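Here the structure comes first, spelled out in structure tokens, and everything after it is commentary.
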Amino acid sequence: MEACAPADRWARSRSLLERARRSLAGGVSSPFRAKFPVPLYFADASGSRMTDVDGNRYIDYTLAWGPLILGHRHPALVEALRRQADRPHILGAQHELEYEVAEKIQELVPCAERVAFTSSGSEAVQLALRLARAATGRSLILKFEGHYHGWMDSVLISHHPRADEVGPLEKPHAVLESRGQVANVVENVLVAPWNRLEIVERLFAERGREIAAVILEPVLCNSGCLLPLPGYLEGLRRLTESHGALLIFDEIITGFRMALGGAQGHYGVTPDLATFGKALGGGPPLSAVAGRREIMELMFTGGVAFGGTFNGNPISLACARATLTELERDGGAALARANRTGQKLMEGIRESARRHGVPLQVCGFGAAFALHFTARSELRDYRDTLEDDRERLATFLLRALEHGVYALPDGRMYVSAVHTEQDVADTLEAVDKVLGSLRD
Ligand SMILES: Cc1ncc(COP(=O)(O)O)c(C=O)c1O
């Protein structure tokens, strides 16, 4: 499984990147992708495996940052795309796949009384926030440190602030993430640390009447897959309800991955609105907002503006229908398998780290998990992850790549329904070598 070791095993990727930099800004299509130890060019991918342009083979734990819940080129998606190739590709008008997929989401997702389709996760979040503000007549949004809700001005706040920026735990600063962001967006956002209900309670006591919604990743996947503490989601549900604010679950990662009903199905806490993306389409661009009927209908009866040329496009929806059909089959066997496979990997990696005496926390829920090189015994919120040894993570990721394991640059690993026992064995063997090489 170890790839051959030429002088530079990534020579062709590096030279293509150089060429791309002369035309494509930064050489990559998303700055997040430039953060890989080596931004690779791929020649082929199938199932759980990928081959780069230098001929190196990898087990893929990035899943294109999430969508590929059925792996690369799953036969059901290939067939859906083939069939749709001979049908209208885009209509800008109504077609039957729209309600077919919306009905499936309604069946699977507890909060989904109504559904609206968008194309990217960032767009879905914008729609959810606009609906929440319109429904409540309030403008403040409460979000949590370390949570990512897309790159739009209104929410790209305190995603990954530095330790010297975060401010007091009891009253975190709202930190802009990007140059060029409109500075006064912070006036409409309150920031709280994750997993500390007493602080949210205090914020509600002080400003509850101004808060339109609380938005959160129900599992904090974008800062190392930290799970909510027992009772935390229930507490947020209670607080929002009692103060007339809405609860929005951003399920763009957890949706159709943690469970068929998303994190809300798994934890039994139903938000007012939820956003979906990534795994929903299984590959092509697709996102959605789902939620309570009277809030969702504000787009048509309540003066809430919303649009999108690509909304409900048949290609993405054909893939979503195929993906959801596969995920639903045999009582949700595919997602159960993905999560079981992920849990085996998590346990195997922990065991290997223990054996080599490498301080490592592996957090998450199976189909999405993350590695933290840290001496901490518990990771509760984003601030705890600031102590992670990021240099060690970078070394780990580079060596893992050399051994054929392709993970996200923040140490996150996504597991699909088509990762196999052999993938687990090969990965654990590779990770064991890498962790052994990291021993102090
Ligand atoms: C939880 C969450 N919300 C929103 C987004 C934004 O989605 P997109 O990149 O499709 O705009 C992401 C993207 O990773 C995400 O993880």
Quiz item: Taking amide hydrogens as modeled 1.01 Å from N in the peptide plane, which residues meet the under 5 Å criterion relative to Leu140, leaving out close sequence neighbours?
Solution: Ala212
Quiz item: Which is the longest run of the chain containing none of the trypsin sites (Lys or Arg not before Pro) found in DSSP loop states (not H, G, I, E, B) with at most 12 other C-beta atoms within 10 Å?
Solution: 180-438
Quiz item: Excluding same-chain residues fewer than 8 positions from Lys104, which lysines have a Cα within less than 19 Å of its Cα?
Solution: Lys278
Practice problem: Could you please report the charge total around His419, scoring K, R as +1 and D, E as -1 over all other residues with beta-carbon less than 11 angstrom from its beta-carbon? | Solution: 0
Quiz prompt | 20 Å Cα-Cα reach of Lys143 towards lysines, excluding residues that sit fewer than 8 places from it in its own chain | solution = Lys171
Practice problem: Please say if the range 75-326 is rounded, prolate or oblate, where rounded means a/c under 1.5 for a ≥ b ≥ c the square roots of the C-alpha gyration tensor eigenvalues, and otherwise the choice is prolate for a/b larger than b/c and oblate otherwise? | Solution: prolate
Quiz item: So between Gln94 and Glu165, what do we pick up on full extension, going 0.36 nm a residue minus the alpha carbon distance?
Solution: 20.8 nm
Practice problem: Among Thr309, Thr374, rank each residue by its count of other Cβ atoms within 10 Å, from fewest to most, as a rough exposure measure. | Solution: Thr309, Thr374
Quiz item: So how far, in whole Å, is the C-alpha centre of the range 254-318 from the one of the range 348-390?
Solution: 31
Quiz prompt | Cβ-derived FRET efficiency at R0 22 Å, Ala64 paired with Ala333, nearest 0.05 | solution = 0.45
Self-check item: Helix-derived mean residue ellipticity, 222 nm - over the chain, DSSP H n ≥ 4, -39500 (n - 2.57), to 500
Solution: -12000 deg cm²/dmol
Self-check item: Prolate/oblate/rounded call for the chain, Cα gyration tensor, a/c under 1.5 rounded
Solution: oblate
Quiz prompt | All aspartates and glutamates inside 18 Å of Lys35 as judged from Cα atoms, apart from same-chain residues fewer than 8 positions distant | solution = Glu18, Asp52, Asp60, Glu177, Asp388, Asp389, Glu391, Glu402, Asp410
Self-check item: Cβ-Cβ FRET estimate between Thr420 and Arg380, R0 fixed at 30 Å, reported to 0.05
Solution: 0.35
Exercise. Counting other beta carbons within 10 Å of each Cβ, put Asp44, Asp423 in order, fewest first.
Key: Asp44, Asp423
Exercise. Order by neighbour count: Leu229, Leu68, Leu280, Leu97, fewest other Cβ atoms within 10 Å first, most last.
Key: Leu229, Leu97, Leu68, Leu280
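Since every read-out is calculated from the coordinates, none of them should be taken as a lab result. All values derive from a computational prediction rather than experimental measurement. Here Cβ is always computed from backbone atoms with ideal geometry, including for glycine, and neighbour counts include all displayed protein chains.
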